[in-house]
Amino acid sequence: MRAAVRAGWRIGAAAALRGRAGRPLSQAAGEGGGAESGGGGGSGSREAVERLVREHPVVVFMKGSPAQPLCGFSNAVVQILRLHGVEDYRAHDVLQDPDLRQGIKNYSNWPTIPQVYLNGEFVGGCDILLQMHQNGDLVEELKKLGIRSALLDAEKDQEKK
Amino acid sequence: ATPLSCSASPMRGPLLAAAGGAMPGAGGALARTIRAKLTAALQPTYLEVRDDSSRHGGPPGAETHFGVLVVSGRFAGLPLLQRHRLVHEALRAELAGPLHALQVTARTPEQWQSDPRVPPAPPCLGGSKRDP
């Protein structure tokens, strides 16, 4: 991701966290498609999603659970993380919460599930994670989060590209 | 375990309207719409549109789950996320409607030339049966 975009995102996120008490939801930036949840605490509100994505370095919104994925694309994300030895992460089953399911689509402006967040930043769905896995980017991104990919240990004696 | 490695075999599922002209009678209305919109938005040098709906519990021709391979110079210099967003933007109306799942492979012509493999669609695990 371009550094300028990333910097802009961080400034925006930081501002949201410092948000003035009592700022009405209606002043939040408008998004096309899907209404904001009514009231200030709906599970699909921007604030609620923001809290979830910042809860842990690795956060996944999926169908089903890591123990029992209910969608092939969600399962692919779980399998990839498992290959890298990442078993400690936050997974949210959107099938259990329709408000959350719509809320994360609004938040990331991304129409499908699963959704993967690293360090609070949306990185993409199953296709992108698979490519990151295949081209070595995922190992690097995990390293930035202080997570050592299990694949590095597997390749210890090999030349890295 | 789900195999994650790409195979060199062609994309599975009915291959609709490969570059060079549509096969007669190939693809439903949504497939044709997807093809038309991606062509208009991204001027691909190569485009494959694959209806995976039958692999996700729908009847053949259900047109709910698609995979697209888009090869376009428009992707040059763009990270994956941006490339996928361009594809989504072109299909915004469909994604808000009947298009339930969309697998995307987005490559520049140079990348496609050096790597013509496409990841297969992961097997369905029934999740879409719980959709409204």
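The values are calculated or read from the model by the stated rules, or taken from the named source; none is laboratory data. Computed from a predicted model, the values in this text were never measured in an experiment. Positions of Cβ are generated from backbone atoms using ideal geometry, with glycine treated the same way; all protein chains shown enter the neighbour counts. Only protein heavy atoms, including side chains, enter the accessible area calculation; ligands, DNA and RNA are left aside. Shrake-Rupley method; radii C 1.70, N 1.55, O 1.52, S 1.80 Å.
Computed quantities for the displayed model
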| read-out | value |
| --- | --- |
| Criterion violated by residue A:66 - all others in (1) within 20 Å of residue B:104 (Cβ to Cβ); (2) modelled with pLDDT of 95 or more; (3) not in a strand (DSSP E or B) satisfied | (1) |
| Hey, residue A:147 in a loop (DSSP other than H, G, I, E, B), among the β-branched types (Val, Ile, Thr) and away from chain B (no Cβ under 12 Å) or not | yes |
| Residue that is nearest to the other protein chains (Cβ to nearest Cβ) [pool: residues in the range A:87-104 that are crowded, with 20+ Cβ neighbours inside 10 Å and not charged (D, E, K, R)] | A:94 |
| Any hit, the range B:62-73, residues being in contact with a strand residue (DSSP E or B) (Cβ under 6 Å, 6 or more places away or on another chain) and open to solvent by 60 Å² or more (accessible area, probe 1.4 Å) | no |
| In the range A:40-63, residue farthest from residue B:104 (Cα to Cα) [restricted to those that are touching a Leu at 6+ places or on another chain (Cβ under 8 Å) and assigned to a loop (DSSP other than H, G, I, E, B)] | A:40 |
| Helices (runs of 4 or more DSSP H) contained entirely in the range A:72-136, each with at least 2 residues that are among the small types (Gly, Ala, Ser) | A:72-83, A:98-108 |
| All positions within the range B:110-132 that are outside any helix (DSSP H, G or I) and either at pLDDT 80 or above or touching a helix residue (DSSP H, G or I) at 6+ places or on another chain (Cβ under 7 Å) (or both) | B:115, B:116, B:117, B:118, B:119, B:121, B:122, B:123, B:124, B:125 |
| Residue within the range B:63-72 that is in contact (Cβ under 8 Å) with a residue 60 or more places away in the chain and not hydrophobic (A, V, I, L, M, F, W, C) present | yes |
| All positions within the range A:109-147 that are charged (D, E, K, R) and either farther than 16 Å from residue A:83 by Cβ or touching a His at 6+ places or on another chain (Cβ under 9 Å) (or both) | A:121, A:127, A:144 |
| Sole exception among (1) without any contact (Cβ under 8 Å) to a residue 40 or more places away in the chain; (2) more than 15 Å from the chain's Cα centre (by Cα); (3) within 14 Å of chain A (Cβ to nearest Cβ); (4) under 26 Å from residue A:95 (Cα atoms) for residue B:57, by number | (1) |
